[in-house]
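Starting off with a structure, shown below.
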Amino acid sequence: MNLSAALLDALKAHGAREIFGIPGDYALPFFKVIEESGILPLYTLSHEPAVGFAADAAARIHAGPGVAVVTYGAGALNMVNPIAAAFAEKSPVVVVSGAPGKGEAQRGLLLHHQAKSLDSQYRIYEEITCAQACLDDARSAPAEIARVLRACLSCSQPVYLELPRDMVNAPCEPVQAVAEPAYDPEALAACADEILARLHRARSPVLMIGVEVRRFGLEEKVAELARRLGLPVVTSLLGRGLLAQTDAPLLGTYIGVAGLPAITELVENSDALFLLGVIVSDTNLGVSAVHIDLRMSIQALNRRVTIGHHVYPEIPLGPLVEALLARLPAQRPAAPRHEPAAYPRGLPADDAPIRPLDIATAINDLMDARGKMPIATDIGDCMFLAMDVEHTALVAPGYYASMGFGVPAGLGLQAATGERPLIIVGDGAFQMTGWELGNCRRYGWDPIVLLINNASWEMLRAFQPESKFNDLDDWHFAEAAAALGGEGVRVHTRGELVRALGAAQRRRGRFQLIEAMVARGAMSPTLARFVEGVKSKRT
């Protein structure tokens, strides 16, 4: 066995299902092995940021490692932003970068794609990955691969492997997987007991679930935990879409002043807020109507549980959920009566101009009639209007908030699941990565793309409306769809939108681009409340 085959077998054994990449000279030998071995399917895209976003989305949707393979320097350094996003939002992406061979640096010449030094790239990736290795020794490579892939799964964060091109075909032993890090069962038991006691004493406990629940494949177990606890259940903003395929008693999503008042009041008045896998960030908790005292909360994240000032280190989320379930009777208590969120439906197919909330309403009507679809959104109002869409599988950059995520993430969803996704993207983000749709024809992908065109960076305008640099030109994106291998239509009215969505859903085999024209300054109610909430916090 050679080193490349050992690496590919190990990726597959650790849960990887596909590879996204862009070849380059330092990575060409490895790409040859990927293609000829067929161990994992390979999807090449057009720009490295899209490779990172697609691998991230694939990792999110199937709760296993996504894989991004690029060349040294110009490739890997071009993918820093998507991997930083995956690190921030706890998505397990494996980055494999080609690299110069061991002997190439000894000629006394600077090598192309080299920045400050040959190991500059490695040191940059140390900042945005949880484990790294350079596979320049075939004897130690299997252990290094096993160590790095174990960290990827245990931490649910990106990792980095550097593969010198002269090592690709080096003889190598198979990779032996490393066991999960150990934890103290007595500490786990004490932690579970304390959590349940804390919830039992509370007057108004609330369970909020976040991204780690999906990252570690715990949705079904957490749904059962929610039913047995009998508590009100909400998701964080970044956790939107969790439990969508379960019958958990889910009320909606907490977004502070931007969300539904009933949910905001419930969360912010809780004297035992159980944050299960929730990233404690500004977008998740920073727009509260009143300050949330985290000393009154229970936080389970990053293999640690914090209850007030009491900290239990090295408590993985999976065993914690199992321990809680083992202590709760199967007979479920009556849950408190709270009305779940109601989502807008029944969009009139008339000649009125399209508003952002109309788009959410049209999507709800479509999914009521034709069934739920997984959704990928970009940042901006396309993400906030998704808060008014009925719960369904959703990937969005809700914390790191990088533009350009939506389209390649949607392609990653379809590659990973085989399901047809709905992509919601703004015109500013589409200018960055929308052209990746040109790769759909090669792979048979046919997403429905709802492009909200207000000729503006509208979310930036919302925070600084006096600035003219937020104005964008009208690029007439729908007209470009045919050249990219899809079909496009521009719509101005609610009736046109309804008819275009129905037609797009019926047409299969080519991507469908619906360019919805929206007036500058028009925002969804959720985004408007979010902007006002952020502004009020700043002042």
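The values are calculated or read from the model by the stated rules, or taken from the named source; none is laboratory data. Quantities reported herein were computed from a predicted structural model and do not represent experimental measurements. Note that we place each Cβ from the backbone using ideal geometry, even for glycine, and neighbour counts take in every protein chain shown.
Conditions (1) closer than 20 Å to GLY230 by Cβ; (2) not polar (S, T, N, Q), marked per residue:
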site	(1), (2)
SER281	no, no
GLY286	no, yes
VAL290	no, yes
ASP293	no, yes
ALA323	yes, yes
ALA341	yes, yes
ASP350	no, yes
ILE354	no, yes
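Right, something else. Tell me, which strands (runs of 3 or more DSSP E) lie completely within segment 171-287 with 3 or more residues that are over 25 Å from LYS535 (Cβ atoms) and in contact with a strand residue (DSSP E or B) (Cβ under 6 Å, 6 or more places away or on another chain)?
The qualifying strands (runs of 3 or more DSSP E) are 205-209, 272-276.
Can I ask one more? Show me the helices (runs of 4 or more DSSP H) found entirely inside segment 357-447 where at least 3 residues are modelled with pLDDT of 95 or more.
Numbers: elements: 381-385, 406-417, 427-433, 440-443.
Correct list: 406-417, 427-433, 440-443.
Among the residues that make up segment 464-475, is at least one of them in the same structural domain as LEU385 (by TED's automatic domain parsing) and either on the phi > 0 side of the Ramachandran plot or within 26 Å of the chain's Cα centre (by Cα) (or both)?
Checking segment 464-475: not a single residue is in the same structural domain as LEU385 (by TED's automatic domain parsing) and either on the phi > 0 side of the Ramachandran plot or within 26 Å of the chain's Cα centre (by Cα) (or both).
Right, another one. Restricting attention to segment 484-517, and to residues there that are touching a residue at least 40 places away in the same chain (Cβ under 8 Å) and small (Gly, Ala, Ser), which single residue is farthest from ALA349 (Cα to Cα)?
Here the answer is GLY485.
Looking at (1) assigned to a helix (DSSP H, G or I); (2) more than 21 Å from ALA360 (Cα to Cα); (3) modelled with pLDDT of 95 or more, which one does PHE469 not meet, given that it meets all the others?
Result: PHE469 fails condition (3) only.
Of all the residues that make up segment 214-230, how many are out of contact with any Lys or Arg (no Cβ under 9 Å at 6 or more places or on another chain) and buried (at least 22 other Cβ atoms within 10 Å of the Cβ)?
4
Any residue at all in segment 118-128 that's aliphatic (A, V, I, L, M), touching a helix residue (DSSP H, G or I) at 6+ places or on another chain (Cβ under 8 Å) and more than 17 Å from PRO65 (Cα to Cα)?
The answer is yes, given that some residue of segment 118-128 is aliphatic (A, V, I, L, M), touching a helix residue (DSSP H, G or I) at 6+ places or on another chain (Cβ under 8 Å) and more than 17 Å from PRO65 (Cα to Cα).
Determine if segment 117-125 includes at least one residue that is in the same structural domain as LYS32 (by TED's automatic domain parsing), hydrophobic (A, V, I, L, M, F, W, C) and either crowded, with 19+ Cβ neighbours inside 10 Å or outside any strand (DSSP E or B) (or both). Break it down into steps so the answer makes sense when it comes.
Let us first name the residues in segment 117-125 that are in the same structural domain as LYS32 (by TED's automatic domain parsing), namely 117-125.
Applying the additional criterion that residues be hydrophobic (A, V, I, L, M, F, W, C) yields 118, 124.
Now drop any that are not either crowded, with 19+ Cβ neighbours inside 10 Å or outside any strand (DSSP E or B) (or both), which leaves 118, 124.
Yes, because at least one residue in segment 117-125 is in the same structural domain as LYS32 (by TED's automatic domain parsing), hydrophobic (A, V, I, L, M, F, W, C) and either crowded, with 19+ Cβ neighbours inside 10 Å or outside any strand (DSSP E or B) (or both).
Could you identify the single residue in THR526, THR539 that is at pLDDT below 95, surrounded by 22 or more Cβ atoms within 10 Å (Cβ to Cβ) and β-branched (Val, Ile, Thr)?
Exactly one residue qualifies, and that residue is THR526.
From the list ALA151, ALA99, ALA133, which residue is modelled with pLDDT under 95, crowded, with 20+ Cβ neighbours inside 10 Å and among the aliphatic types (A, V, I, L, M)?
ALA99 is the lone residue from the list that is modelled with pLDDT under 95, crowded, with 20+ Cβ neighbours inside 10 Å and among the aliphatic types (A, V, I, L, M).
Any residue that is within 12 Å of the chain's Cα centre (by Cα), over 17 Å from VAL407 (Cβ atoms) and β-branched (Val, Ile, Thr) - is there at least one of those in segment 50-62?
Checked against the condition, which is being within 12 Å of the chain's Cα centre (by Cα), over 17 Å from VAL407 (Cβ atoms) and β-branched (Val, Ile, Thr), segment 50-62 yields no hits at all.
What are the residue pairs meeting all of these: first residue in segment 371-397, first residue over 18 Å from MET459 (Cα atoms), second residue outside any loop (DSSP other than H, G, I, E, B) and among the hydroxyl-bearing types (Ser, Thr, Tyr), Cβ atoms under 8 Å, and 6 or more apart or on different chains?
Listed by first residue and then by second, the contacts come to PRO374/THR417; LEU394/THR377; VAL395/THR377.
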